[in-house]
Amino acid sequence: MTSQRRPYFDEHTEPVATRIAAGLHKIGLAMKQQAWQQANEEGLSATQGQILAALVEHGPLTGTELSKRLGVTLPTISDSVQVLVQKNLVTKSPDPRHPRASLLTPTKKGAEQGARARSWPEFMAGAVTDLSPEEQRAFFTGVMKMIRSLQEQGLVPLSGMCVTCTHFRPNVRAGATPHHCAFVDAPLAEDQLRLDCPEQESAEDTARQRIWEQFMRPR
Ligand code: SF4
């Protein structure tokens, strides 16, 4: 007699999108825990470490620029910067571009701590190398599309990515490097697209949508 029951996992498996979201949540918790632990070892909060890392990589910056880059509110940035100044890890100087703003620059000690803070997410890179090259490429594309979606919802700062950049020319040629960066006038392969480019300039809404549609055009 054949069983009429459906296979167990047909009825007890959540959609793959739900399981991906759950997996990302677990990864996010691991990253938070690592950042907290490593910041603690440096005598910093995770936000203070992120600020020092951003100033080492992209500085000097104003508080507003840090807020946009890190996706953290301006009052939180201001509180953290105040502590960093008190600890002699950051100095303030007048911003020649905006008379009422201050430029934040790491001191020598702040730059050393910022350089170490930049390596906090490296433990994750170790896990990524367990993926095959094909898996890494597919994962990179998926991550980029997810970040872009979160950016369009206003949940991630609109900065750093080629696919939202005014200099990005998607799918302009056939072959291994279909894209082009007009800023440096150089071809780009799919897996060379940037997620955190310091030269990125976000395109206006309509242009951004057009760039995305050209990027997603079937090849
Ligand atoms: S400037 Fe940077 S973000 Fe913009 S297209 Fe060139 S590499 Fe990409």
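Bear in mind that the values in this text are calculations on the coordinates, not laboratory data. Since the structure is predicted, the reported quantities are computational estimates derived from the model, not experimental observations. FYI the Cβ positions are ideal-geometry reconstructions off the backbone, even for glycines, and counts take in every protein chain you see.
Can you give the FRET efficiency for Ala115 and Lys145, using 1/(1 + (r/R0)^6), R0 = 30 Å, r = Cβ-Cβ distance, to the nearest 0.05?
0.45
Taking θ = phi - 60°, what integer Hz values does the Karplus form 6.51 cos²θ - 1.76 cosθ + 1.60 yield along region 4-20, in sequence order, with x for Gly and Pro?
Once rounded to whole Hz, the list reads 8, 5, 6, x, 3, 6, 5, 9, 10, 10, 6, x, 4, 4, 5, 6, 5.
Write down Rg/Rh for the chain, rounded to two decimals, with Rg from the C-alpha atoms and Rh from the Kirkwood relation over Cα pairs.
Radius of gyration relative to Kirkwood radius: 1.06.
Using only DSSP helix segments of four residues or longer, with each worth -39500 (n - 2.57), what per-residue ellipticity at 222 nm results for the chain after dividing by its residue count and rounding to 500?
Theoretical 222 nm ellipticity from helices: -16500 deg cm²/dmol.
Convex hull volume of the Cα atoms in region 47-118, per residue, in Å³?
75 Å³
About the Cα centre, and with charges only on the beta carbon of Lys, Arg (+1) and Asp, Glu (-1), how big is the dipole of region 109-219? Nearest 20 debye, please.
I would put it at about 140 debye.
Could you check the spin-label model distance between Asn40 and Phe123? Points 7 Å from the Cα along Cα→Cβ, value in nm.
For the pair Asn40/Phe123, the computed spacing is 1.1 nm.
Using only the Cα atoms of region 153-211, each taken as one equal point scatterer with no solvent, compute I(q) by the Debye sum, divide by I(0), and report log10 of the ratio at q = 0.15, 0.21 Å⁻¹.
-0.41, -0.77
Arg100 to Asp196: FRET efficiency via 1/(1 + (r/R0)^6), r the Cβ-Cβ distance, R0 30 Å, to the nearest 0.05?
Efficiency at R0 = 30 Å is approximately 0.60.
Specify the residue with the greatest mean-square fluctuation among Glu42, Glu134, Glu11, computed from a Gaussian network of the chain linking alpha-carbon atoms under 10 Å apart.
In this elastic network of the chain, the residue with the biggest mean-square fluctuation among Glu42, Glu134, Glu11 is Glu11.
Scaled to the compact-protein estimate 2.2 N^0.38 Å, what is the alpha-carbon radius of gyration of region 102-205, rounded to two decimal places?
Compactness ratio reported: 1.27.
Place a +1 charge on the Cβ of each Lys and Arg in the chain and a -1 charge on the Cβ of each Asp and Glu, then give the dipole magnitude about the Cα centre in debye, rounded to the nearest 20.
Magnitude of the dipole: close to 220 debye.
Between the helical axis of 74-86 and the dominant principal axis of the chain, each derived from Cα atoms, what acute angle in degrees is found, rounded to the nearest 10?
Result, in degrees: 50.
Which value does Rg/Rh take for region 88-160 over its C-alpha atoms, Rh per Kirkwood?
Value, to two decimals: 1.15.
Using only the alpha-carbon atoms, how far is helix 46-58 inclined from the longest principal axis of the chain? Give it as 0 to 90 degrees, nearest 10.
Taking the Cα atoms of the chain, the angle to 46-58 is about 80 degrees.
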